[in-house]
Structure formats: structure tokens, C-alpha cells
1. Failed condition for residue B:88, given (1) exposed (fewer than 15 other Cβ atoms within 10 Å of the Cβ); (2) more than 24 Å from residue B:240 (Cβ to Cβ), with all others met?
2. Can you name the condition, by its number, that residue A:138 falls short on among (1) among the charged types (D, E, K, R); (2) in a helix (DSSP H, G or I); (3) surrounded by fewer than 23 Cβ atoms within 10 Å (Cβ to Cβ); (4) modelled with pLDDT under 95?
3. Would you pick out the residues in region B:141-164 that are closer than 16 Å to residue B:105 by Cβ, more than 14 Å from every other protein chain (Cβ to nearest Cβ), open to solvent by less than 30 Å² (accessible area, probe 1.4 Å) and aliphatic (A, V, I, L, M)?
4. If you go through region B:191-216 one residue at a time, how many are more than 10 Å from chain A (Cβ to nearest Cβ), part of a loop (DSSP other than H, G, I, E, B) and either touching a helix residue (DSSP H, G or I) at 6+ places or on another chain (Cβ under 6 Å) or within 23 Å of residue A:54 (Cα to Cα) (or both)?
5. Which condition breaks for residue B:55 when tested against (1) more than 11 Å from the chain's Cα centre (by Cα); (2) open to solvent by 20 Å² or more (accessible area, probe 1.4 Å)?
6. Need pairs with beta-carbon distance below 9 Å; first residue closer than 11 Å to residue A:210 by Cβ and assigned by TED's automatic domain parsing to the domain that holds residue A:198 and within region A:245-262, second open to solvent by 90 Å² or more (accessible area, probe 1.4 Å) and assigned to a helix (DSSP H, G or I); sequence gap 6+ or separate chains.
7. Can you tell me which residue in region A:33-53 is farthest from residue A:237 (Cα to Cα), limited to those that are hydrophobic (A, V, I, L, M, F, W, C) and at pLDDT below 90?
8. Inspect all residues belonging to region B:250-272 and state whether any of them is within 26 Å of the chain's Cα centre (by Cα), assigned to a loop (DSSP other than H, G, I, E, B) and more than 13 Å from chain A (Cβ to nearest Cβ).
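The values are calculated or read from the model by the stated rules, or taken from the named source; none is laboratory data. This structure is a prediction, so every number in the text was calculated from the model and none was measured. Don't worry about glycine lacking a Cβ; one is built from the backbone with ideal geometry, like all the others, and counts go over all protein chains shown. Heavy atoms of the whole protein, side chains included, go into the accessibility calculation; ligands, DNA and RNA do not. Shrake-Rupley method; radii C 1.70, N 1.55, O 1.52, S 1.80 Å.
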Protein chains: 2
Amino acid sequence: MIKTVAIQGVKGSFHHIVSQQYFGDEITLKECLTFDEVVQSLLTGESDAVVMALENSIAGSIIPNYALIDNHNLHMVGEHYLDVQHHLMALPNQDINDIVEVYSHPMALLQCKEFFKKYPHIKLVEDKDTAEVAQRIRTKNLKGVAAIASKLASELFELNIISESIQTIKQNETRFVIVKKENHEVSESDISKASIKFELEHKRGSLAAMLNVMSDCKLNLTKIQSMPKIETPWKYAFFVDVTFNDYGDYKKAISIMEIMTEKFKILGEFKDAKL
Amino acid sequence: MIKTVAIQGVKGSFHHIVSQQYFGDEITLKECLTFDEVVQSLLTGESDAVVMALENSIAGSIIPNYALIDNHNLHMVGEHYLDVQHHLMALPNQDINDIVEVYSHPMALLQCKEFFKKYPHIKLVEDKDTAEVAQRIRTKNLKGVAAIASKLASELFELNIISESIQTIKQNETRFVIVKKENHEVSESDISKASIKFELEHKRGSLAAMLNVMSDCKLNLTKIQSMPKIETPWKYAFFVDVTFNDYGDYKKAISIMEIMTEKFKILGEFKDAKL
């Protein structure tokens, strides 16, 4: 039973929205300043699950979050897609010309940098969380300061949206995962997707052989990303997501892959959210 | 003949260091504020080549730069690896406790965020370029402000290094590419690596078939990354780097792949810098 869900950010953040959509309103939200803190809360038992952004269609994978899940041997037990729309918001009765500084999360600033080219007078400042800035503008009554955050944040903190959907690429789908310490709760019949990691020697055809196994076992590849291993220049780690109709097919594939690869690891098994 | 090389950033930036190491001191450096400006300078003929960071071992690929090369049909004609070490620097006679604000590039701030956890009094502010901050501290005589930048920047702008190599992961290799408008100058005998892009229908085994072709033609895969195409949910684009000993093998592989994939495109052919 999920009681407490930890997120990076405060109420009104995109992580909060995902947590609402995935778990409903019955859970307690634990607001953390960083993803490290989120993971710590899970490890100490302060939270039962965490919501974590993992990739978006603009910047690709959020590799540091992959590393957090991998290094702490956590398990993805679910996934959720959110269409992230960034709005520029401030205290009422101000327009864009009144704004001197905009504070937001680095990823949000990156996604909206094109918009701000038209307003060189605005200073962009990196901050920990999109919604926390919105909250701060309200509690400290900050004039001349704007936040880039969600519609939910503008509602919660009663800010006025100066400009809607200011990110450069308007369709901005972000994939979030639900992460837990243990992986006991998803029943086999509900599992239709898995996230795996393995390493291969840098040998011609080694990855092709792996993909042949997956294909022979009727797995569909939905994501693949190689990461060079700095310490061992001729080895590569691969992060792969697969979907499948039959759990038995998947089990067969991974039993072969465990033999044919090094450091084979299942990062998560869950229901394909796109089904 | 390369005369003018455009970089994102100013003298003392990591792009400047790569430009020096790759082209020597005989070229004119064109300093640009953004990667977009860098590309524009190439398109208008203001520069003959550009140096562009493409991936690093911490954050993975810099997808927006891949998109710039792809969207403008530019060509990678070379690659260069740099061990990026971030140093904290300020005007002389200040220590870490005197520093109130640190300005730097978002990627540099991200890579060093662990270090700053010990110093919560320091405000981190996103800026356009690592070295430009160092320059500004010197020209405006800014006290209480530090930059995160290269050793070269500290030398050029006579700043004192407060703390060396403050990035969380000490080995921090970044891959840069040399990009031009045309692809005429690398002779076939010098080509040992290529960067290609193609699209595949989301059909089981489609990528495995491609990797089999590559393997049969004796190509080694050094990088693979899938990118979902937002507009067409069931298609995937793949960015792949391959190395090879024989240009003929490579030519054979791509002639097959051109038939078997959609939107096949060569992003660059060049000398493998790791050889």
C-alpha cells in the first residue's frame, strides 16, 4: 500500500502532477529539494515510492536519474507520460516588461531559452524547482520576478500567467517512472514492459547478437542508449527498454541475455503506459 | 583551408581549448553567444568551421546540438576528445566564504552541484558561457562572484583558482566535433568513423536487422541512441556512430542501409580520434 510518495519539488511541480495522476489524491506527498534527497527518503523508509522524470522528447534521457536508480539498486514499478507545458507567471498586474528576473529549473530554462531571446533585459537564474519559485513569489510578494512553471502552480499560488506554453518545442512529452525499493508488487500478468541494462565487450556484432535474441523472443525495443564506461574504455553499457505480450517470452530472452552479457540487470518491470 | 573557427563561448572556454588543440594557433576565433549563432556564422560564410560539444560521459548526448547539425544539413568532418576539468575561480585574495554568487553554464553547474551542497550560502546562477563569466569578473572587478571555468580561463583573465576540479565525477571526457557546411575535404583513406542517422518503423527485429548488416560489413558500433519521433509515435530515429578499417566495407553497408531504412542520412565521415 502506497502511503507516502516523494518527489523532487514542491506542490504544483510537474512531479506533483504526475503523482496525482498516477496515485490519486489519497497519498501524502513528501517534497524534496533534490533527486538525491528523493532517493534517500526511499532508502530510509520515509517514503514508499518516488516519482522521477527519466526522459523527455527534447533533451533525451536524464542520465543522472538513470544513474541514481542503477547505483542504489532501486526498481521501476511503473511509468507515466506527461505533456509538460511551461508557463511564465508572476504576481498579478505585471506584464513581461515589468519582469527583471526569471528563476526556474535548468531544464525548464533550457527548453524556453528561445522565448527569452526577445527579452534580453530579463536575467535567467537557475533554481531548484519550477513550482517552488512560484510559491516563493507569492509568499515573499516578489515583484519583477517571474517563474516558469505548471498551470497547477499558477492556481495553487495564485499567480497570473503572463505567457502560455513558452517552451520552444510545443509538444513536450516527458516520461516519468515510479520507483520503489522492492519489486514485489507488480503481478506477472500486468507486466508488459521492462527496463534492462547490460554491458558488452567492444566486439563487432556483440550488440547485434543481443538484439537478435530479443527479436527472436518477440520483444519490441522501445529505447536503446549506449553509454561508454569511462573506467574501461572498450566496454559499453546499454540501457534498453522492451515491450512484450507474453511474460514467458521475456523470461526466456533475459535468461539468454544474462549468459551472453556482463552485469545484466533488470532496472524495472511494469505495465507499458502506452498500451 | 580553415581560417575562421566559430565557437560557443569566448577565449578561455573549453571550445576554445579544443579549437587550439585541433587547429593550432593559426586560425581566427569567432566567439559566439549561442550554438545557434555558431551555426548561423557557418551558414553565412563568416566562419569556415565550427567546434561543437556533442556528448559527455556524465550527461550523455547533447541532443540539441545533434538537432542543429541534422536540421541544417551540416557535416561533421572531425572529432576531438577533451578531459573537461571545472575549476572555481575568483579575483585574488578571496576564499570560498567570500563568494556569494557563482555564474556558469548550466552543464557546468549541473556537473558541480554536489560540491556546492557544502556551501548553501552560494547562489548558483545560469549563464551563457563558462569563460565569459571569468572575463567579466576581471573586467568589472567583481568581488564575491566566482566562475566555474577552465585553467586557460584563469590564466587569460588572471583569476585565482579557489578550488580545483570541483565536478562530481572527476574523469569527465567530452567529445567535440568539427562541423562544416561541406564534406569534401576528408580523403577516403583518412575516414575511419562515420556518424549516421536513420528511421525505422516500430517493427520487431527492424533494428536487429540493421545491426546485422553493420556487423556483416565489419563495422564496429561505438554509439547508438534511439530518439522517439513525437509527431509519429510509432517511428524511431536512431543516431549511430560506427568505426571501420576499410572504407569499402562502410560504403557497402550504407548502400544496403539506405534501402532498408527511411530517411537515411550521413551526418559525418571523419578520422576516428581514438585510433
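1. (1)
2. Going through (1) among the charged types (D, E, K, R); (2) in a helix (DSSP H, G or I); (3) surrounded by fewer than 23 Cβ atoms within 10 Å (Cβ to Cβ); (4) modelled with pLDDT under 95 one by one, residue A:138 breaks only (4).
3. Within region B:141-164, B:146, B:147, B:149, B:153 meet the criteria.
4. Residues of region B:191-216 that are more than 10 Å from chain A (Cβ to nearest Cβ), as a first pass: B:191-199, B:201.
So of that shortlist, the ones also part of a loop (DSSP other than H, G, I, E, B) come out as B:191-192.
Of the ones still in play, those that are also either touching a helix residue (DSSP H, G or I) at 6+ places or on another chain (Cβ under 6 Å) or within 23 Å of residue A:54 (Cα to Cα) (or both) are B:191.
Going through region B:191-216 one residue at a time, the tally reaches 1.
5. The single condition residue B:55 does not satisfy is (1).
6. Between residues of region A:245-262 that are closer than 11 Å to residue A:210 by Cβ and assigned by TED's automatic domain parsing to the domain that holds residue A:198 and residues that are open to solvent by 90 Å² or more (accessible area, probe 1.4 Å) and assigned to a helix (DSSP H, G or I), the close pairs are A:253/A:216; A:256/A:216.
7. Of region A:33-53, the ones hydrophobic (A, V, I, L, M, F, W, C) are A:33, A:35, A:38-39, A:42-43, A:49-53.
Those still in the list that are at pLDDT below 90 too: A:33, A:35.
On the way: A:33: 30, A:35: 23 Å.
It comes out as A:33.
8. Restricting attention to region B:250-272, the residues satisfying the condition of being within 26 Å of the chain's Cα centre (by Cα) are B:250, B:254, B:263-272.
Now restrict to residues that are assigned to a loop (DSSP other than H, G, I, E, B): B:271-272.
Those still in the list that are more than 13 Å from chain A (Cβ to nearest Cβ) too: B:271.
Yes, because at least one residue in region B:250-272 is within 26 Å of the chain's Cα centre (by Cα), assigned to a loop (DSSP other than H, G, I, E, B) and more than 13 Å from chain A (Cβ to nearest Cβ).
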